[in-house]
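Each value in this text was obtained by applying a stated rule to the coordinates, not by laboratory testing. It should be emphasised that the depicted structure is a prediction, and the values quoted were computed from it without experimental measurement. Here the Cβ positions follow ideal geometry from the backbone for every residue, glycine too, while neighbour counts run over all protein chains shown.
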Amino acid sequence: MSSKQNIVGFLDDVTNTRIYGWALVQNQETAVAITLKFNDQEIITLLAQVLRHDVVDAGLHPTGYCGFDLDLQKEGIELPPNCKVQVYAGEAQVELVNSPWFYYSDAYLTEIQEETAVIKFDEDDKKILILGMGKSGTSILTYRIADVDANIKVYFEPYTTQCLNHIEFHRKIYRKYDSYITKALYYPQYPQQLALVGGYYNKKVCIIRDPRDLLISTFFYSWNKSDNPPHDKFPAALKLVLQKEKEPQAVDFTTLLAIRPEVPTSILDSVQNLCDLTNNLGEDWHILKYEDFVTNKVTGLNAYLGFPINLEASVPGQLKRVERSKKFDNWRRWFTENDVQHLKPQLDNYLACLNYDPDDWTLAANPQLSPSEGSEYMTKIFAPPPKKGLDALKNALASSSLGKRFRNL
């Protein structure tokens, strides 16, 4: 019998005709049972035994016969127009990554579009959506806005990767409360209904950050134990960071990134999507630069919101552990000239798109690197190596092409 600790899987996609993904029991070839639910009602049970070459290529299963591909029409199953799709694996009923998935019919989406098009907000409504990438200041921005009014309900990344796809969540809080703030991270690799979801908010703020600083923050945060970092790579990374802190020019930051190649790949993909996003946001959005926010240049933000935010408010205690520098232009201290030569061709277009100066790559003359932002930080958020088990499987997946959407497990 399999336990929760050794079952892993992923829900790839849901359409009105097909539901597919994969699930497996670690170190076993035996097909695992899959349970499908619609709106919390069990619909069907089947075995995950369809060949998945990508899972084999990722080194996760010896044969690859661990997929499921349910033809809804063939099985006589009809998706409700507004449906929470959940997929569970094994007797332990382990919910797969990317489950629940929120499916909507075209008719339902048309209904929501018509509803949001005629919404009229009251002048004193505080229905606020905060959007941004990870490590871009979304958390502290949320709490500095929320702190001005004790009646504001705070929703912190509800439904995580599915937040911007869960239309009914936003619809319900719109109907229930006059004041609320929802903080959502932007996951372009997941389904998004941002245009419709945004209709339930009278104020929408997208916070952006210099991609060069994002590379640095994300590299250090990637060692957070909740992200299941590759424990075998940590000693080498820490050694290089310690060396760089003593001799900033001795170690290129790109050398550090090479230890975790998925970090720059993920950031570049995300920044490209962020550029696409900001270019298509409506005029009712306010775009805020992280650099302006942390230096209290918030006159424009205050005017947009209709009230001044509380610049003294901080994040709750449980989030302080992963706070890092709360500064900007860190890249000027952490990058070397070699880094500039390597990264400038890759980042200049993104810098221009996000209204940063692509011609400004000036580095600090005598950089000082604080261990509290580097070696001490990554050590603090890191966990001791786990026993052999599921974590090793997750790490293997995270470093593979299959793992792009799996990193939040």
Checklist entry - Alpha carbon centre of region 60-89 versus region 169-227: separation in Å? => result 28
Next on the checklist: Only counting other Cβ atoms within 10 Å, I'd like THR116, THR362, THR182, THR278 sorted with the fewest neighbours first.
Outcome noted: THR362, THR278, THR116, THR182
Checklist entry - Summing -39500 (n - 2.57) over the DSSP H runs of n ≥ 4 in the chain and dividing by its residue number, what mean residue ellipticity at 222 nm do you reach, to the nearest 500 deg cm²/dmol? => result -10000 deg cm²/dmol
Checklist entry - To the nearest 20 debye, what is the magnitude of the charge dipole of region 1-148 about its Cα centre, counting +1 on the Cβ of each Lys and Arg and -1 on the Cβ of each Asp and Glu? => result 480
Checklist outcome for this item: Sorted by chain and number, the residues with a modelled amide H under 5 Å from that of GLN189, at a separation of 5 or more or across chains, are none
Item to check | Per-residue ³J(HN,Hα) for region 9-17, Karplus 6.51 cos²θ - 1.76 cosθ + 1.60, θ = phi - 60°, Hz, x for Gly and Pro | outcome: x, 8, 8, 6, 6, 9, 10, 6, 10
Checklist entry - How much space per residue, in cubic angstrom, does the convex hull of the C-alpha atoms of the chain take up? => result 153
Item to check | Simple spin-label estimate for GLN28 and ASP57 in nanometres, 7 Å along Cα-Cβ | outcome: 2.8
Checklist outcome for this item: With x for Gly and Pro, the residue-by-residue ³J(HN,Hα) of region 132-137, computed from phi through the Karplus equation 6.51 cos²θ - 1.76 cosθ + 1.60 at θ = phi - 60° and given in whole Hz, is x, 7, x, 6, 10, x
Checklist entry - Which whole-number percent gives the relative contact order of region 4-104, counting Cα pairs below 8 Å spaced six or more residues apart? => result 33
Checklist entry - So what's the net charge close to ALA31: Lys and Arg +1, Asp and Glu -1, counting the other residues with Cβ under 14 Å from its Cβ? => result -2
Checklist entry - Given a cut-off of under 8 Å on Cα pairs at least six residues apart, what relative contact order in percent is computed for the chain? => result 16
Checklist outcome for this item: Check: in region 139-209 the Lys pairs 8 or more apart or on separate chains whose Cα atoms fall under 14 Å apart number 5
Checklist entry - What is the antiparallel percent of DSSP beta bridges lying wholly in the chain, to the nearest 5? => result 60
Checklist outcome for this item: Scalar couplings 3J(HN,Hα) for region 267-272 by Karplus 6.51 cos²θ - 1.76 cosθ + 1.60 (θ = phi - 60°), nearest whole Hz, x for Gly and Pro, are 5, 4, 4, 5, 5, 4
Item to check | Long-range HN-HN contacts of HIS286 with modeled amide H, under 5 Å | outcome: LYS204, VAL205, CYS206
Checklist entry - Of the residues ALA383, ALA117, ALA195, which exhibits the maximal mean-square fluctuation in a Gaussian network model of the chain defined by a 10 Å Cα contact cut-off? => result ALA117
Item to check | Surrounding net charge for ASN151, when Lys and Arg each add one and Asp and Glu each subtract one, Cβ distance under 9 Å | outcome: 0
